[in-house]
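Undergrad: Here it is, the structure, as structure tokens.
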Amino acid sequence: MTRNWFVKAASMTLAIGLLAGCGGAKPTTPATTPATTPAPAPATQQPTAKSFKVAMSTDVGGLNDDSFNAAAWRGLNQLKAGGGYDVKAIESQKPENFESNFRTLMDEGHDLIWGIGFMMTDPTNTLAKQNPNQKFAIIDSVVNQPNVASVVFKEEEGSFLMGIMAAKTTKSKKVGFVGGIESDVITHFEEGFLAGVKAVDPSVKVVSVYASSFTDSAKGKQIALQMFSDGADVVFHAAGGVGQGVIEAAKAQNKFAIGVDSDQNKLAPQNVISSMMKRVDVAVED
């Protein structure tokens with residue numbers, strides 16, 4: 001996190017995730033109240049402040065990627081559920097939509113506007129510079145403007161654990177990695193995964209392929225099917241919507257897949273053995 005007004009959210013993500021299931025039991029109330037007990041006085045209603053408006057623009061993966069953008073949108077809805085916030089998402093079909101989507105959200109008067117993904121770096125930087133009173137935030141990139149909160153993660157750490165799992169699961173001693181668009185962020189996933197595999201068994205071969213897309217699920221399926229045909233039996237993806245195809249291939253071939261960003265087990269409960277959840281939802285909500 002690079003700005004004081006939004007400090008420490010990313011570094012707190014792991015701690016918050018661990019604490020999320022540790023709350024105490026809720027107090028219980030009697031099933032019935034004696035007729036002689038006076039009714040409690042109604043709580044004093046405090047004046048309702050104007051809702052804080054938060055919006056996000058997806059990258060090209062869209063809200064239905066079951067992964068990265070879906071996690072961010074889940075975080076905003078968790079924020080809304082706590083009260084006092086209005087939230088909105090707008091989808092980008094192509095990179096040319098990024099700046100126009102931001103301008104739309106600015107015109108609508110949102111107090112904070114999120115760009116979800118490193119692909120949003122340039123439009124975030126441009127509009128933040130032109131509009132110093134508008135607050136922005138971005139996931140997976142650093143924009144050095146005083147009105148931008150930048151949230152980055154150590155993807156290699158969770159991916160290392162996925163590499164350990166893959167190495168302990170494989171029978172063929174061959175596993176795969178499918179990346180989306182090659183970039184520093186996705187390389188973190190690949191390198192962490194490779195290191196985790198090698199930490200368990202250096203003889204396990206890791207095959208990596210980049211799809212040059214975050215949306216082409218058919219290409220993801222094609223890549224994974226080829227990996228399985230060549231002897232891999234576990235494939236980890238960091239590829240947004242492309243990963244839906246990877247999971248479809250694992251299900252079709254009765255092999256194993258490892259998901260990313262959201263819990264993707266529901267897509268193929270017998271085949272998705274884990275998901276590397278970097279908790280974009282927690283960071284966005286914070």
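The values are calculated or read from the model by the stated rules, or taken from the named source; none is laboratory data. Quick caveat: nothing in here was measured; it's all calculated off a predicted structure. Methodologically, a virtual Cβ is constructed for each residue, glycine included, from the backbone with ideal geometry; neighbour enumeration extends over all protein chains shown. Note: areas computed on protein heavy atoms with side chains; ligands, DNA, RNA excluded. Shrake-Rupley method; radii C 1.70, N 1.55, O 1.52, S 1.80 Å.
Undergrad: For segment 181-193, which residues satisfy the criterion of being within 15 Å of residue 260 (Cβ to Cβ), in a helix (DSSP H, G or I) and open to solvent by 40 Å² or more (accessible area, probe 1.4 Å)? Don't jump to the end; show me each part of the working.
TA: Let us first name the residues in segment 181-193 that are within 15 Å of residue 260 (Cβ to Cβ), namely 181, 183, 185-193.
Then keep just the ones that are in a helix (DSSP H, G or I); that gives 185-193.
Result: 188, 190, 191.
Undergrad: Hey, which of the strands (runs of 3 or more DSSP E) in segment 201-286, taking only ones fully inside, have at least 3 residues that are touching a Leu at 6+ places or on another chain (Cβ under 9 Å)?
TA: Strands (runs of 3 or more DSSP E) meeting the threshold: none at all.
Undergrad: Is there a residue being within 30 Å of residue 199 (Cβ to Cβ) and free of Cβ contacts under 8 Å to residues at least 60 places away in the same chain anywhere in segment 72-80?
TA: Of all residues in segment 72-80, those within 30 Å of residue 199 (Cβ to Cβ) come to none.
Checking segment 72-80: not a single residue is within 30 Å of residue 199 (Cβ to Cβ) and free of Cβ contacts under 8 Å to residues at least 60 places away in the same chain.
Undergrad: On the given criteria, is residue 157 outside any helix (DSSP H, G or I) and among the charged types (D, E, K, R)?
TA: Criteria not met by residue 157.
Undergrad: Continuing with the same structure: Among the residues in segment 36-53, are any modelled with pLDDT of 90 or more and closer than 21 Å to residue 148 by Cα?
TA: Within segment 36-53, one or more residues are modelled with pLDDT of 90 or more and closer than 21 Å to residue 148 by Cα.
Yes/no matrix, rows are residues, columns are (1) open to solvent by less than 10 Å² (accessible area, probe 1.4 Å); (2) among the hydroxyl-bearing types (Ser, Thr, Tyr); (3) within 30 Å of residue 76 (Cβ to Cβ):
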site	(1), (2), (3)
139	yes, no, yes
144	no, no, yes
148	yes, no, yes
151	yes, no, yes
167	no, no, no
199	no, no, no
207	no, no, no
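Undergrad: Another question, then. With 239, 224 as the choices, which residue is buried (at least 23 other Cβ atoms within 10 Å of the Cβ), in contact with a strand residue (DSSP E or B) (Cβ under 7 Å, 6 or more places away or on another chain) and closer than 30 Å to residue 112 by Cα? Working first, answer last.
TA: Values: 224 fails: closer than 30 Å to residue 112 by Cα.
Among 239, 224, only 239 is buried (at least 23 other Cβ atoms within 10 Å of the Cβ), in contact with a strand residue (DSSP E or B) (Cβ under 7 Å, 6 or more places away or on another chain) and closer than 30 Å to residue 112 by Cα.
Undergrad: What pairs can you find where one residue is in segment 144-158 and within 17 Å of residue 68 (Cα to Cα), the other is in a helix (DSSP H, G or I) and not charged (D, E, K, R), and their Cβ atoms are less than 6 Å apart, with a gap of 6+ or different chains?
TA: Here the result reads 151/283; 155/188; 155/189; 156/188; 156/192, each pair linking segment 144-158 to a residue that is in a helix (DSSP H, G or I) and not charged (D, E, K, R).
Undergrad: Can I ask one more? Can you confirm whether residue 119 is within 17 Å of residue 150 (Cβ to Cβ) and open to solvent by 20 Å² or more (accessible area, probe 1.4 Å)?
TA: yes
Undergrad: To continue, here is another question. Go through segment 87-98 and report how many residues are of a type in the set (D, E, K, R) and modelled with pLDDT of 95 or more.
TA: Residues flagged as of a type in the set (D, E, K, R) and modelled with pLDDT of 95 or more within segment 87-98 amount to 1.
Undergrad: Name the single residue that is surrounded by the most Cβ atoms within 10 Å (Cβ to Cβ) among those in segment 250-265 being in contact (Cβ under 8 Å) with a residue 12 or more places away in the chain and over 16 Å from residue 170 (Cβ atoms).
TA: Applying the filter and picking the extreme gives 260.
Undergrad: So, one more: Taking the stated definitions as given, is residue 74 farther than 18 Å from residue 145 by Cβ, in a helix (DSSP H, G or I) and not small (Gly, Ala, Ser)? Steps first, please.
TA: Details: farther than 18 Å from residue 145 by Cβ: yes; in a helix (DSSP H, G or I): yes; not small (Gly, Ala, Ser): yes.
So residue 74 passes the test.
Undergrad: Can you list residue pairs whose Cβ atoms sit under 6 Å apart, with the first residue in segment 87-116 being of a type in the set (Asp, Glu) and the second being in a helix (DSSP H, G or I)? Count only pairs 6 or more apart in sequence or on different chains.
TA: 99/123
Undergrad: Test residue 175 against the criterion of being crowded, with 22+ Cβ neighbours inside 10 Å and either at pLDDT below 95 or hydrophobic (A, V, I, L, M, F, W, C) (or both), and give yes or no.
TA: In short, yes.
Undergrad: Would it be correct to say that residue 128 is in contact with a helix residue (DSSP H, G or I) (Cβ under 9 Å, 6 or more places away or on another chain), among the small types (Gly, Ala, Ser), over 15 Å from residue 286 (Cα atoms) and not in a loop (DSSP other than H, G, I, E, B)? Even if it seems obvious, please write down each step before you answer.
TA: Numbers: in contact with a helix residue (DSSP H, G or I) (Cβ under 9 Å, 6 or more places away or on another chain): no; among the small types (Gly, Ala, Ser): yes; over 15 Å from residue 286 (Cα atoms): yes; not in a loop (DSSP other than H, G, I, E, B): yes.
No; evaluated as a whole, the condition is false for this residue.
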